[in-house]
1. Taking 30 Å as R0, compute the FRET efficiency from the Cβ-Cβ separation of residue 193 and residue 20 and round it to 0.05.
2. Calculate the all-directions average of the projected area of the range 117-165's alpha-carbon convex hull, and give it in nm².
3. Only Cα pairs under 8 Å and at least 6 apart count here; give the relative contact order of the range 185-262 as a rounded whole percent.
4. Would you mind computing Rg(Cα) / (2.2 N^0.38 Å) for the range 135-219, counting N as its residues?
5. Using alpha carbons only, what's the Rg to Rh ratio of the range 16-103 with Rh from Kirkwood?
6. Starting from the Cα of residue 183, step 7 Å along the direction of its Cβ; do the same at residue 114; then give the gap between the two resulting points in nm.
7. Normalised by the empirical 2.2 N^0.38 Å for globular proteins, what value does the Cα Rg of the range 174-272 take?
8. Taking only DSSP H segments of four or more residues, each worth -39500 (n - 2.57), what value at 222 nm results for the chain once the sum is divided by all its residues, to the nearest 500 deg cm²/dmol?
C-alpha cells in the first residue's frame, strides 16, 4: 500500500482541523478506531498545553507522560515528541510527532513539523498543511492593490522564490477583520472597509507578526498615510483593547464578541485565516495529487484554488 507523507503543525487549531479531516476519510476506508485515535491526540495535546500554561498540575514528569502516550507495538498509534520552549520559565512541551491512517486511496502519514510551509519550501515533502497567513507573511508580493482571494495568493508567489502553491482550505475559518471605535469611524456611517483605510490618516494597530499580511490584504496604496502601532508586551493588554486605544486596527475575529466588549465596530473581513493544503509542485506525484483531491472539498472552504491545466 502506498503511504504519502504530509507535513502538519505540531500543535494548535490547524493540526486539529487536519486530524479531523483525515480521520473522516480513514473511517470511510474501514478504520473503525480512527476517530478515537484522533480524539486521543487532540485531548492529549490540549492537556499538555494546559500543563505548559500552569492551568493543570500533573504528578508525572514530562518524560513519564511521553512514555505513557507511546505504544511501540502498534504501528498505527500516535507518536509524540518534546518541544523545547525558548521562552524563559516555560518547560519542555509534549507535541505531535506522527500518525499513520488509511484512506480510500492509500495510507497517509501525518508528520509533525514546527514550520510545515518551510519544510515544503525545502522540498522535504510534496504536501503539507499550514495557516494561509504564513504564505502571505513570507512569499506573496506586496502590491498597491489589495489581495483578497486564493487566486491572488498563488498569482503573487514568484516561481523563482518557491515551488509551493496553495491548493485549497479546510474551512476552519477565522477572519482578519477591520475594527474601529465609533469615534474613529465618525458620525457619517461610512462603511468600515478598505476604502475607509484609503481615506484614513493616522495610526493603525496590528499584531507585529501580521505586518506583512496586513500590507498585502489592504494594499500598499491604502497605507500611504497610515502608521502601524503594536500592542506592547509590557502593557499585557489584549489586542482588542490596544486597538480600542488606537481607534483603528486589524485583528482575528470569530464572532467578534470580544471586540464588541471593547466598544469596537466590526468592519470588513479582509482575509480568511484558514488551514490550507500546500503543494510543492516540483515534488508532486500521482499519489500525492490524488490524495490532495481527496482531502480538499471546495464547497467547504472560502479559499478556492484556480483551475490549472
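1. 0.35
2. Its average projected convex-hull area is 3.4 nm².
3. Rounded, it is 34 percent for the range 185-262.
4. 1.26
5. A ratio of 1.02.
6. 4.3
7. Working it through for the range 174-272, the quotient is 0.96.
8. -9000 deg cm²/dmol
Values in this text are rule-based calculations from the coordinates and carry no lab data. As the structure is a computational prediction, the values presented were derived from the model and not from experiment. Note: ideal-geometry Cβ built from the backbone for every residue, glycine included; neighbour counts use all protein chains shown.
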